[in-house]
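The values are calculated or read from the model by the stated rules, or taken from the named source; none is laboratory data. Predicted model only: the values in this text are computed from it and were never measured. Here the Cβ positions follow ideal geometry from the backbone for every residue, glycine too, while neighbour counts run over all protein chains shown. Accessible surface is based on the protein model in full, side chains and every heavy atom, while ligands, DNA and RNA are left aside. Shrake-Rupley method; radii C 1.70, N 1.55, O 1.52, S 1.80 Å.
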Amino acid sequence: MPTQSPLPARLQSVQRQHIEHIFQLGEGLEVPQLPAQPTIRRSWLRCLNEYQLDPTQPRPARVVPQQILIEHRESVDELLHVARAGVDQLYQQIAQLGYVLLLTDHRGITVEFRGDPNQDQQLRKAGLYLGADWDERFAGTCAVGTCLHDRQAIICHRQEHFDASHISLTCTAAPIADPQGNVMAVLDISALQSPTQHESQNFSLSLVTLYARMIEDAYFLQRYRDCLMVRLDTSREFVHVNGRGLIAIEENGQMIAANAVGRDLISEHQRRWPPWSDHHTPMLGELFECEIADVLSINSATDDQLRAFRARVDNTIYFISLLEPRRPRPAQQAQPLASSLPEPLVRLGADDPAMRKVQKLAERLRNEASVNVLISGETGTGKEVVARALHDSGNRSKGPFIAVNCAAIPEALIESELFGYEAGAFTGGRAKGMRGLIPQAHGGTLFLDEIGDMPLALQTRLLRVLAEREVMPLGANKPEKVDIRVITATHRNIDAMIQQGEFREDLYYRLNGAQLRLPALRDRADKLYVIRRVFDDIIKERASSQSPRLRADAISALLAYAWPGNIRQLKNALAFALATSESDEITVHDLPEQCLSQRITQQSPHKPADAHGNTDHTLLEMLKSQHWNISAVARALGVSRPTIYRQMQRQGIMPPNWQG
Ligand SMILES: Nc1ncnc2c1ncn2[C@@H]1O[C@H](COP(=O)(O)OP(=O)(O)OP(=O)(O)O)[C@@H](O)[C@H]1O
């Protein structure tokens, strides 16, 4: 805890007194003037002890630079789109009362703002502004930061703020959760001045909580707009206008996802009747006393388009209405963007903000052969697929696409493979010599995968090829002109490699004319689309005349899993299920064991994967569970055996039979 240093003279007496109170709480003294709300007291203590914030040094508001703001906004692109109408409606109601409105992302950065332009200066100074950072670790106790920490709606009124420069503000915030229940944004209304009584803000709390819930539900409906949606409420009159529960289902009644009210009901049900397996999500007909046929016929068979069913868990009657899916016609299956994109790029994804960015940029770059493209992303995210799509959609599509995996070729052979050699160039070479992969790509695209594994000496030669557009095969005395587009890919952190002298900075800049960053599968909003696409691809590739269906329980499990090996691992899991299932339906029981880790109602914040796509403990755990069978682990993760060996080496993992 910071000790109390002499207070700066510029502080007003009210600020001095506030700072005294904070120190008194830190010292465990009971003082009547201290805030009553336990959440605020806990937050003050966090600020002192955990974040080591010094209350005697009030900090000016921090507004992030424009470029950073753009990145934060892009990461919640879909939410912003959905939330805009709610934000405007709420602001209309509060503007006259002197409030402003902030919508922040899950890191506390203000990504949407409404306020009175006449107060611009004052609002900016107070941090009530677009781009303002309200993370508790920086700003101290405040509505947004403390709401993010405690995951619940909160009023932070005047002296409840930690930082003495915020104590004239009154702020009220409520969290907005994603369909898995993780907080993805915070809605806040704040005013520069307010009455002193805390109770004056109770109405703000109700209002902001209501709008946060509406935005959350609008986002949920948007996410699952291609599914059948059950809407429920305990009031018959309110189901159509404000049915609070939402559950997305398959036609057979299997539940895919639910909003907060729906998740609570499902959790309650599962607490009472624990699922017989961890991976079992109940059918709608288990949750309510209903036949799925009765639910599916609501719109055609009932006049007021709703039916009442009893929840089994507490016998409450719920009125249920049904929203039909907005099923896109097959030709337009991908997304609204589709119409403007060439087909190979359309297939890459549907409606995920990060993938949309990749698709848009690829569309601009497809005919710009002079711009070298670097594709980054964890292992198995589809870097080669994207490189090929870029080639297939551009004006070189009739030319060759030569893919080279720099990690797969032994170091000693990379040079001759890439550049080729003349007859008799070295002993052991083919008698007639060999045309290198670079010249083979003439008129088309050269895709260098795992560029981080290219030995340093060869990096220099590659740089020369890129600069002069010619190659000199080993043993040749005359260079050969090459016209190639170069696309490279890596899952490694090249910046770190440059720092360690393992990668040439000048080559990196030349290769990185534009960068396409592929999202990890677990972060993709269009996971359902990817699952269906990969499944359809495997069915098409199979010689079999049967085309099994992927059942909703399998889809739920696939949606819930973290996929450290990304799309490749997903593909392997589905191929495994198709190969081993004897029925015409793939169910959750057909999936490989390690995919079955989470349930619909569980909140499981994923540990971010490292540069190789694994969480720290994944590899070790998998090796142990597979009895150190490297091939089995490689298959399960969807990577090659050498990749597993390399990762074991990097993570310092040694099999028991290698240890002295
Ligand atoms: N958009 C997609 N649709 C269908 N299948 C895909 C898609 N993207 C990737 N895949 C499949 O996932 C697997 C891995 O893709 P790819 O080899 O392109 O990944 P990568 O990122 O290059 O992997 P690595 O880092 O290991 O080189 C391939 O079998 C590919 O067919």
>> Need one number: % antiparallel among DSSP beta bridges in the chain, to the nearest 5.
In response: 70 percent
> Nearest 10 degrees, 0 to 90: what angle lies between the long axis of helix 616-625 and the longest principal axis of the chain (Cα atoms)?
Replying inline: 70 degrees
> Restricting attention to segment 199-285, which GluC sites (Glu not before Pro) occupy a DSSP loop and are surrounded by at most 16 other Cβ atoms within 10 Å?
Replying inline: GLU237, GLU251
> How many nm separate the modelled label positions at SER206 and MET654, each set 7 Å beyond the Cα in the direction of the Cβ?
Replying inline: 6.7 nm
>> Apply the a/c threshold of 1.5 to the C-alpha gyration tensor of segment 54-100 and tell me whether it is rounded, prolate or oblate.
In response: oblate
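Loop only by DSSP, 16 or fewer other Cβ within 10 Å of the Cβ. Give me the trypsin sites (Lys or Arg not before Pro) in segment 421-501 that pass, ordered by residue number.
Passing sites in segment 421-501 are ARG430, LYS432, ARG469.
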> Remind me, relative contact order of segment 66-221 in percent, using alpha carbon pairs under 8 angstrom and six or more residues apart?
Replying inline: 22 percent
>> Using a 7 Å offset from the Cα along the Cα-to-Cβ direction at both ARG310 and THR196, what is the distance between the two label points in nm, to one decimal?
In response: 5.7 nm
>> For a quick check: with amide H placed at 1.01 Å from N, whose amide H comes under 5 Å from LEU550's, ignoring anything fewer than 5 positions away on the same chain?
In response: ILE586
>> Could you give each residue of segment 152-164 its phi-based ³J(HN,Hα) in whole Hz, using Karplus coefficients 6.51, -1.76, 1.60 with θ = phi - 60°, and x for Gly or Pro?
In response: 8, 5, 7, 9, 10, 9, 6, 5, 6, 4, 7, 7, 5
> When the dipole is taken about the Cα centre of the chain, and only Lys, Arg (+1) and Asp, Glu (-1) are charged at their Cβ, what size is it in debye, to the nearest 20?
Replying inline: 1420 debye
> Which loop GluC sites (Glu not before Pro) in segment 564-598, with loop taken from DSSP, have no more than 12 other Cβ atoms within 10 angstrom of their Cβ?
Replying inline: GLU582
> Classify segment 66-221: rounded, prolate or oblate, from the alpha-carbon gyration tensor (a ≥ b ≥ c, eigenvalue square roots; a/c under 1.5 rounded; otherwise prolate if a/b is larger than b/c)?
Replying inline: rounded
> Regarding the chain, what is the average projected area of its C-alpha convex hull, in nm²?
Replying inline: 38.4 nm²
>> Between segment 466-523 and segment 69-125, what is the separation of their alpha carbon centroids in Å?
In response: 41 Å
>> Tell me which of VAL386, HIS627, ILE292 sits at the most positive position along the dipole axis of the chain, charges placed on C-beta atoms (Lys, Arg +1; Asp, Glu -1).
In response: VAL386
> In whole percent, what relative contact order does the chain give with Cα contacts below 8 Å and a gap of six or more residues?
Replying inline: 9 percent
>> Using only the alpha-carbon atoms, how far is helix 260-272 inclined from the longest principal axis of the chain? Give it as 0 to 90 degrees, nearest 10.
In response: 90 degrees
>> With unit charges on the beta carbons (Lys and Arg positive, Asp and Glu negative) and the dipole taken about the Cα centre of the chain, which residue among ILE320, ILE19, VAL465 sits farthest to the positive side?
In response: VAL465
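In percent, what relative contact order does segment 150-191 have, based on Cα pairs under 8 Å that are 6 or more apart in sequence? Don't jump to the answer; show the numbers that get you there.
Values: 65 pairs, mean separation 14.3, N = 42.
Worked out over segment 150-191, it gives 34 percent.
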>> Using 0.36 nm times the number of residues separating ASN367 and GLN222, minus their current alpha carbon distance, what extension gain do you get?
In response: 48.8 nm
>> I'd like the distance separating the alpha-carbon centroids of segment 349-375 and segment 200-272, in whole Å.
In response: 36 Å
> Roughly what % of Cα-Cα distances in segment 336-517 sit above 24 Å, to the whole percent?
Replying inline: 38 percent
> At a 1.4 Å probe, what is the % contribution of carbon and sulfur to the accessible area of the chain?
Replying inline: 49 percent
> Per the helix-only calculation at 222 nm, which mean residue ellipticity applies to the chain, given -39500 (n - 2.57) for every DSSP H run of n ≥ 4 and division by its residues, nearest 500 deg cm²/dmol?
Replying inline: -11000 deg cm²/dmol
> From the backbone phi of segment 560-570, what are the Karplus-calculated ³J(HN,Hα) couplings (6.51 cos²θ - 1.76 cosθ + 1.60, θ = phi - 60°) in whole Hz, Gly and Pro given as x?
Replying inline: 7, 7, 7, 6, x, x, 6, 5, 5, 5, 4
>> For LEU518, what residues show an amide H to amide H distance below 5 Å, using hydrogens built from the backbone and excluding near sequence neighbours?
In response: SER376, GLY377
> What are the ³J(HN,Hα) values, in whole Hz, obtained from phi via the Karplus relation 6.51 cos²θ - 1.76 cosθ + 1.60 with θ = phi - 60°, for each residue of segment 226-235 in sequence order, with x given for Gly and Pro?
Replying inline: 8, 10, 5, 10, 9, 10, 9, 7, 7, 10
>> Compute the angle between helix 66-75 and the longest alpha-carbon principal axis of the chain, please, reported from 0 to 90 degrees and rounded to the nearest 10.
In response: 90 degrees
> Considering amide H positions built from the backbone, and no H for Pro or chain starts, which residues 5 or more places from THR445, or on another chain, come under 5 Å of its amide H?
Replying inline: PHE401, ILE402, ARG485
>> So, for the chain, what is the accessible surface per residue at a probe of 1.4 Å, expressed in square angstrom?
In response: 47 Å²
>> Run the numbers for GLN89 and ALA514: contour at 0.36 nm per residue of separation, minus the present Cα-Cα distance, in nm.
In response: 149.0 nm
